Amino acid sequence: MLHLPSFRYLAPRSLSEAVGLLAELGAEAQLLAGGTDLLPLLKRGQLSPRYLVALAGVPELSGIRTAAEATVRDGSGLTLGALTSIAELTRQPVLRRHFPVIGHAASLIATPTLRSMGTLGGNLCLDTRCTYVNRSPLWREAAGDCLKCTGDVCRVAPGDDRCWAAVSSDLAPAMIALDAQIRIAGPRGERVIPAEALYRDDGLSHLTLSAGEIVVDVQLLRPTGVCASYMKLRPRASFDFPSLGVAVALRMAKDECENARVVVGAVASRPLRIAEAEVILTGHVPTAERLSAAADAVHRAIRPMDNVDLPPGYRRQVARVFTERALQHALRQVPARAGANGALTPGRQN
Amino acid sequence: MSSTGSTRTPDFTIIGHRRSKVDAWPKVTGRANYADDLPFAHLLYARLLRSPHAHARIRAIDATRALAVPGVTAVISGADLPVPYGILPVSQDEHGLAVDKVRFVGDPVAAIAAEDEETADHAMGLIVVDYDVLTACMTVDEALSATGDPIHANGKANNVHKRVALEFGAVEAAFEAAAHVREDLFFYGGSNHLALEEHAAVAEYSPDGRLTLWSSTQTPHYVQRALAKALQLPERRVRVVASVIGGGFGGKTEALPHEVAAARLAMITGRPVKCRLSREEVFYSHRGRHPMHVQLRAAARVDGTLTGLHVRTVLDGGAYGSYGVASTYYSGALPPATYRLPAYRFEGARVFTNKPPCGPKRGHGTPQPRFGLEVLLDKLAEDLGLDPLAIRLKNLVAEDSVTVNHLRVTSCGLRACLERVADASGFLDKHRRLPRGEGVGLAASCYLSGAALPIYWNGLPHTTVHIQADRTGTVHVACGATDIGQGSDSVLASLVAEVLGLDLVDIQLDTADTALAAVDLGSYSSRVTFMMGNAALRAAENLREQVLCAVGRELHLPTHRLILHSGQVALRDERSPIMSWPDALQLTQASGAVLAASGTYAPPPLAGPYKGAGVGPSPAYSYSACVVHVNVDAETGQVVPSEVWLAHDGGRALNPTQVEGQIEGGVYMGLGEALWEEQSFRGPLHAGPTALDYKTPTALDMPIVHCLLVETDDREGPFGAKEVGQGPLLPVPPAVANAVYDAVGVRVDEVPITPDKVLRALDRQARGQPARHGPRRFPDIAYPPLTVVEPPAGAPQL
Ligand SMILES: Cc1cc2nc3c(=O)[nH]c(=O)nc-3n(C[C@H](O)[C@H](O)[C@H](O)COP(=O)(O)OP(=O)(O)OC[C@H]3O[C@@H](n4cnc5c(N)ncnc54)[C@H](O)[C@@H]3O)c2cc1C
Ligand code: SF4
């Protein structure tokens, strides 16, 4: 049995109190939302914060608001509080209608119990993962520690002086593809950043949040004509973190793709936007050749490491296939093309 | 009165009917007490300090700082357990805690007892072990070519643990005369049992010198023996009680370090001591499926008749002997009991490596060669222009026959199994006819209904059942047999209730306790229903006889006109009740009887006349056939098993629902091994000793399973029953591999068939190269000279 270490549990009742606590306690404190990611890390001794600041009682972080109440740029937006559970994301009617890709990506996360406890904010801020570090103390002692714990080398890429632990959130690529906006509260007030800007490619510190900052909510805007898709690779049909996640979003005007986003998760420490693929698609009719060329561009651009499920070479090959399929799937949802209403059918292999 | 085998009663009231298990209520309502749930006053908690090195000499252990921690009561090490033990008399190589050397990452070095688990955990970190690190051998190849310190000092050269070479019939002649010879290499990855319940044990030592261990074990009797030896206590002062068990599958079939350490700590502290393993520790305790290299060569006529088979195996044994010698023999025992073979050669070897010890996982030593053989038959059929069903039907072992390697086959429903799965799945209409990406595969297998020989040599019964009744009508049944979730308690109660005309609730059971019941060897080798069942029938029939005689005497009726039915003595013809069961018991007791009866069972002498003949013989064999339908994504290599048909001849189905449960479980486990699960290593380390990293299939990965019961009536089985606990797993992995080939035309001669392997084979196919993924070479092993054994009279001839 692995036991939780001891810590002090703090339960602020408001966002300002939470921000205040973080500012006061500094590096000794860790935010706790659903705990599905954090508590296993504590049990394995990867982290040992003295304080856990629980967000459950912070009202500003909960709830889903539609455009009328939300501060969004256009009329068809949705604001999702950071404490929204993953399960709620899979069920929410407005979300399912307008942003089915989010509900779909959410439905592929972990297992039903973990989806009930896990939250949107926790998912976006989920720690990076690596099969060398998400291990018991005995295992890590036997392997020799690495940069991400107390060691000084990377076991996956011993020549590099950085950590390559993989971003493992299923929602992050989809949120970036849709250009979601993240509202952040901190000691110096609030700021809103694009989801993409929440991340940097550093396995030790892959979030751009500064000390004391809290993700408050996620704002989704729906410019007309956007269709999106997310495909997830994992060994089994449930339970597993992504070995690869491919999110695409296309803004279609007539037959032409006005704007394209292609985002790949679990192959680096941050979700990667594949600029070359986006350029191939943007401003063109998405012919089969273009989709294939975009998929090739993804294949060329990524360099998965051997630190999550399934071998890196394999994941790279599948990234090509999944990009093409995700693009095709997204295009099938464009009303003019297929007449479909955009609902996704979750395939067991996605 | 003969009660071995089928008592042909025309209509059963319990046997053959669907009933819930006798322990369904406590399990479903959470009231069952697993070892970890047992309440004890003044309990201490133990943890095992495990080695971070795969191979190292222990120079010194310093527990001073740990012992100084408040709440810590004792720390022990190998020095406290100097006497070696082991499940097989030939492999007494374990100590509970390492003596002098550690042999794998996770090998227990010391044990600590404290007032609570957190304290034990914390203080354990303060024990300082000084290691002298040695070169580790992580693969068979590394072990065979190692020049450094051998893993076991008294082991044979090059870390070889066991070698065997046997020949039956004219093998060379068969190959020389063969119209067609097919040879292939296979690799079968190792896997863990992944029982839901992690092992746990509580030990208590009384001041008068008696040790009791409550443990999640499949074999209380063997644990009792090992504890007695390791702790130097008389066996009669060691009591082992198997608590309610959440699955075993072979992972709890011998004394394990946590049991031995808890017992020693209880003796030292005088307090009850609990030691429970984490999921990670279960992967170190292991005793799971041996990774196995398999080389097969088959000789056949143009019509597909097999004329000879040559099986070579190399087992990657891990660090200790465990059941390994038996596993080695099993890897060559059963092909002739499935297919008619006039000539057969088997060469096998087990090699020590610096990994957790392998042992007897469900199917013990036989799924690996089975995988190879059934894939090879698929290839052979294609070579010869036959379909996979035809080639198997052509070579079936005959009912009531003897094999070239001296195995006696009684009932055999393999033909019916094959025909029924083929029929139900539409196999012949689908095979080679489905669109690319979809495929069906077929495979067959057989398994033992209990090993005919005990693990340690003795001429005693393998099991004993005592029944005791009293005037109230209560029937008390005691047997050492252990219900590990497979349902043996239900089988025991059902058999006794059927014979005595009672309901299941009228039967009180005392099982799995070495103090309250006589020896049953344990839940392994699919022996319990067959052996305990026969003993139970004998005992129950004996009691019935006593009661009916007494009643007959009193009422002046011949005994043969009386039956026990619905809690009454009744007239056989009219079925009319004439006396209640309690009245009949009182009458019997008043006549001077003690209302007790016993039955025992030992298999008939079945071993052939050669060294090694003790592994393979069984009083009866079960047969299975399987068709798997898969969808293969030809771009990603992902394989989705979409439907499975499994026909099983387990003799008479004593409770069809329980039989189907075992079939479904076997299919589940077989699919796990076929497609996902592997106890794999990264350098010296287990690659992922967690339930998240070890890829056992989830509910969403499970396909529809059709269970088809083929009921033979085995003449020696209890009411005709054989086994179902292990057999149905065996044909599943090769059926998957054959289905993958049918779907996309690539051969993956290795399990698990992970998508990256399929994709590599598909890439080769696209480049016009041989569309295969699998081993290209066989380990460089020197087998001993062949022991040539004369086949028995009546064995298949060329
Ligand atoms: C077995 C298993 C399988 C899983 N599979 C998947 C999977 O397939 N896909 C996937 O995406 N995830 C998976 N997860 C991870 C996790 O369950 C989910 O990502 C979940 O949504 C995390 O949310 P949480 O609220 O539980 O996070 P927590 O554990 O509470 O927090 C996670 C991290 O985010 C920080 N944090 C939380 N909320 C905020 C906030 N508002 N602002 C700033 N920081 C915050 C915490 O401090 C912590 O560092 C899995 C987890 C497990 C245990
Ligand atoms: S990527 Fe390297 S540094 Fe990062 S967790 Fe893995 S082994 Fe450690």
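The values are calculated or read from the model by the stated rules, or taken from the named source; none is laboratory data. Remember, predicted model here, so these are calculated numbers, not experimental data. For neighbour counting, all protein chains shown are included, and Cβ atoms are generated from backbone atoms with ideal geometry for every residue, glycine included. Remember, those area values only see protein heavy atoms, side chains included, never the ligands or the DNA or RNA. Shrake-Rupley method; radii C 1.70, N 1.55, O 1.52, S 1.80 Å.
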- [ ] Could you name every residue in region B:654-698 that has 30 Å² or more less accessible surface in the full protein assembly than in its own chain alone (probe 1.4 Å, ligands and nucleic acids excluded)?
- [x] B:Trp676, B:Arg682, B:Leu685, B:Leu692, B:Asp693, B:Lys695, B:Thr698
Task: Chains B and A together, accessible area buried on both sides, 1.4 angstrom probe, square angstrom - done: 3200 Å²
Open item on the list: Give me a comma-separated list of calculated 3J(HN,Hα) values for region A:113-122, in order, Karplus coefficients 6.51, -1.76, 1.60 applied at θ = phi - 60°, integers in Hz, x for any Gly or Pro.
Closed with: 5, 5, 5, 6, 8, x, 10, 4, x, x
Open item on the list: If N is the number of residues in region A:150-207, what value comes out of its Cα radius of gyration divided by 2.2 N^0.38 Å?
Closed with: 1.42
- [ ] Would you calculate the separation in nanometres between label points at B:Ala157 and A:Ser292, each defined as 7 Å from the Cα along the Cα-to-beta-carbon direction?
- [x] 5.9 nm
Task: Geometric extent, Cα atoms of region B:676-778 - Rg, Dmax (angstrom) - done: 18.5, 58
Task: Amide H partners (placed H, <5 Å) of B:Ile578, local residues excluded - done: B:Val569, B:Ala570, B:Leu571
Task: Sum of side-chain charges, A:Asn123 neighbourhood, beta-carbon under 14 Å (Lys, Arg +1; Asp, Glu -1) - done: -2
TODO: Could you tell me what percent of the accessible area of the protein assembly as shown is made up of carbon and sulfur, with a 1.4 Å probe and every protein chain present?
DONE: 52 percent
Open item on the list: Report, to one decimal in Å, the Kirkwood hydrodynamic radius for region A:114-196 based on all distinct Cα pairs.
Closed with: 15.2 Å
Task: Listed residues A:Pro137, A:Pro93, A:Thr150: farthest to the positive end of the dipole of region A:85-168 (Cβ charges) - done: A:Pro93
TODO: Send over the per residue convex hull volume for chain A, Cα only, as a whole number of Å³.
DONE: 131 Å³
Task: Net dipole in debye of chain B [+1 Lys, Arg Cβ; -1 Asp, Glu Cβ; about Cα centre; nearest 20] - done: 1060 debye
TODO: Run a plain Debye calculation on region B:416-489 (Cα atoms as equal point scatterers, no solvent) and give log10 I(q)/I(0) at q = 0.16, 0.22, 0.27 Å⁻¹, rounded to two decimals, same order as the q list.
DONE: -0.82, -1.08, -1.25
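Hey, with R₀ at 25 Å, roughly what FRET efficiency would B:Glu399 and B:Ala793 work out to, going by the Cβ-Cβ distance, to 0.05? Display every interim value, and only then the final one.
Values: r = 18 Å, r/R0 = 0.70.
It comes to 0.90.
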Task: Rounded tilt (10° steps) of A:288-301 against the dominant C-alpha axis of chain A - done: 20 degrees
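What whole-number volume per residue, in cubic angstrom, does the convex hull of the C-alpha atoms of chain B give?
Per-residue hull volume (Cα only) is 159 Å³.
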Task: Spatial separation of Cα centroids for region A:292-323 and region B:235-305, in angstrom - done: 40 Å
Task: Shielding by partners, peptide A:130-137 (average Cβ within 10 angstrom, other chains) - done: 3
- [ ] Please report the base-10 log of the normalised intensity I(q)/I(0) for the protein assembly as shown, using a Debye sum with one equal scatterer per alpha carbon and no solvent, at each q in 0.06, 0.08, 0.09 (1/Å).
- [x] -0.54, -0.94, -1.15
Open item on the list: Using C-alpha positions alone, give me the convex hull volume of region B:519-603 per residue in cubic angstrom.
Closed with: 117 Å³
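What net charge is computed for the residues neighbouring B:Arg163, neighbours being all others with C-beta under 15 Å from the C-beta of B:Arg163, Lys and Arg scored +1, Asp and Glu -1?
+2
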- [ ] Determine the dipole magnitude for the protein assembly as shown: charges of +1 sit on the beta-carbon of Lys and Arg, -1 on that of Asp and Glu, nothing else is charged, the reference point is the Cα centre, and the result goes in debye to the nearest 20.
- [x] 1040 debye
Open item on the list: Accessible area per residue for chain A in Å², computed with a 1.4 Å probe and the full protein assembly in place, what is it?
Closed with: 40 Å²
Task: Taking chain B and dividing mean pair separation by its residue count, relative contact order in percent (alpha carbons under 8 Å, at least six apart) - done: 17 percent
Task: Dipole-positive endmost among B:Gly308, B:Gly324, B:Gly437 within chain B (Cβ charges, Cα centre) - done: B:Gly308
Open item on the list: More than 19 angstrom separation, counting every C-alpha pair in region B:233-371; what % is that?
Closed with: 61 percent
Task: Value of [θ]222 nm, deg cm²/dmol, for the protein assembly as shown, DSSP H segments ≥ 4, -39500 (n - 2.57) each, nearest 500 - done: -8000 deg cm²/dmol
Task: Amide hydrogen neighbours beyond the local backbone of B:Tyr131, cut-off 5 Å, H modeled - done: B:Arg59
Task: Per residue accessible area in Å² of region B:594-654, where ligands, DNA and RNA are left out and the probe is 1.4 Å - done: 25 Å²
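List the relative contact order of chain A as a percent without decimals, with contacts defined as Cα pairs under 8 Å and 6+ residues apart.
Across chain A, relative contact order equals 15 percent.
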Task: Computed P(r) (all Cα pairs; region B:51-154; 10 Å bins; percent) - done: 15, 39, 31, 13, 2
Task: Under Karplus coefficients 6.51, -1.76 and 1.60, residue-wise ³J(HN,Hα) of region A:269-274 in Hz, glycine/proline x - done: 7, 10, x, 9, 7, 9
TODO: Compute the separation of the alpha-carbon centres of region B:467-527 and region A:216-231 and state it in Å as a whole number.
DONE: 63 Å
Task: Using distinct alpha-carbon pairs, which all enter the 1/r mean, Kirkwood radius of region A:1-136 in Å - done: 16.3 Å
Open item on the list: What distance in nm separates the two pseudo spin-label positions at B:Arg767 and B:Asp37, each 7 Å out from Cα along the beta-carbon direction?
Closed with: 5.6 nm
- [ ] Taking the Cα centre of chain A as origin, work out the dipole magnitude from +1 charges on Lys and Arg Cβ and -1 charges on Asp and Glu Cβ, in debye rounded to 20.
- [x] 800 debye
Task: Share antiparallel - DSSP beta bridges, the protein assembly as shown, percent rounded to 5 - done: 75 percent
- [ ] Mind checking which of A:Ala288, A:Ala260, A:His206 is farthest towards the positive end of region A:197-291's charge dipole, using Cβ charges of +1 (Lys, Arg) and -1 (Asp, Glu) about the Cα centre?
- [x] A:Ala288
Task: Of the chymotrypsin sites (Phe, Trp or Tyr not before Pro) in region B:20-102, those whose Cβ has at most 14 other Cβ within 10 Å and which sit in DSSP loop - done: B:Phe40
Task: Residues losing 30 Å² or more accessible surface upon assembly, region A:198-238, compared with the chain by itself, 1.4 Å - done: A:Pro235, A:Arg236, A:Ala237, A:Ser238
Open item on the list: Rolling a 1.4 Å sphere over the protein heavy atoms, what is the accessible area per residue of region B:1-100, to the nearest Å²?
Closed with: 52 Å²
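Between B:Glu554 and B:Lys611, what is the FRET efficiency for a Förster distance of 56 Å, r being their Cβ-Cβ separation, to the nearest 0.05?
0.45
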